[in-house]
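Since the structure comes first, as structure tokens, the remarks are kept for the end.
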Amino acid sequence: MNPIAITVTGRLGDDARVFTTRDGTAGVELRLAVEVPGRGDTITRWVKVTAFGVLASRTADSVRKGDRVTVVADDLTAEAWLSTGDDRQPRARISLRARDIAASMAYDTLRTGYADRKNARAAAANGQPTDLPAGEQADAQVLAGLTS
């Protein structure tokens, strides 16, 4: 078990930034504004969130600037540096590597598509035509024992 387990909820400050790693893995970077209660006022803390693979692809397709999301992370990095220019002010940032990213249902609605995909796989397993890609239809039929 990883000793680090962090959950933060906030709003996206920008649209997701999509990238690809050197080995071809999909990646996404989010700027998350987290409101922290202070003495009287709330303070906004900005957190950089990165995700990779399927989580990155699905996140990039699903979230936009202003969306409220909850991030579950299992890795934390603190960075510090001096700004460029004449003022050379100290800067710092917390970065999280996401294990899961979810939309906040308290502020929005969401349809994941899981039930539709499950029904389509069941239909394909019974030999019925579906909108699934041909490879997924074939896999479902093999698993159901319809073909070999």
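The values are calculated or read from the model by the stated rules, or taken from the named source; none is laboratory data. Quantities reported herein were computed from a predicted structural model and do not represent experimental measurements. Backbone-built Cβ (ideal geometry, glycine too); neighbour counts: all protein chains shown. Note: accessible area is taken over every heavy atom of the protein model, side chains too, but ligands, DNA and RNA are not part of it. Shrake-Rupley method; radii C 1.70, N 1.55, O 1.52, S 1.80 Å.
Residue-wise test of (1) touching a Gly at 6+ places or on another chain (Cβ under 6 Å); (2) open to solvent by less than 80 Å² (accessible area, probe 1.4 Å); (3) over 18 Å from residue 8 (Cβ atoms).
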position: 49; (1), (2), (3): no, yes, no
position: 53; (1), (2), (3): no, yes, yes
position: 57; (1), (2), (3): no, yes, yes
position: 82; (1), (2), (3): no, no, yes
Please tell me if residue 64 is charged (D, E, K, R) and buried (at least 16 other Cβ atoms within 10 Å of the Cβ). no
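A quick yes/no check of all residues on (1) of a type outside the set (A, V, I, L, M); (2) within 15 Å of residue 101 (Cα to Cα):
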| site | (1), (2) |
| --- | --- |
| 7 | yes, yes |
| 13 | yes, no |
| 21 | yes, no |
| 34 | no, yes |
| 37 | yes, no |
| 58 | yes, yes |
Inspect all residues belonging to the stretch 9-29 and state whether any of them is modelled with pLDDT under 95, touching a Lys or Arg at 6+ places or on another chain (Cβ under 6 Å) and of a type in the set (Val, Ile, Thr). no
Any residue in the stretch 19-34 that's in contact (Cβ under 8 Å) with a residue 24 or more places away in the chain and farther than 16 Å from residue 48 by Cβ: show its pairings with residues that are open to solvent by less than 50 Å² (accessible area, probe 1.4 Å) and hydrophobic (A, V, I, L, M, F, W, C) at Cβ separation under 6 Å, as long as the two are six or more apart or on different chains. 26/56
Residues within the stretch 1-24 that are open to solvent by less than 80 Å² (accessible area, probe 1.4 Å) and β-branched (Val, Ile, Thr), tallied: 5
Taking the stretch 66-98 on its own, how many of its residues are within 21 Å of residue 30 (Cβ to Cβ) and either of a type in the set (Val, Ile, Thr) or part of a strand (DSSP E or B) (or both)? 22
Farther than 19 Å from residue 57 by Cβ and either in a strand (DSSP E or B) or in contact with a Leu (Cβ under 7 Å, 6 or more places away or on another chain) (or both), is that true of residue 31? no
Within the stretch 92-114, which residues are basic (Lys, Arg), more than 12 Å from residue 70 (Cβ to Cβ) and at pLDDT 70 or above? 93, 97
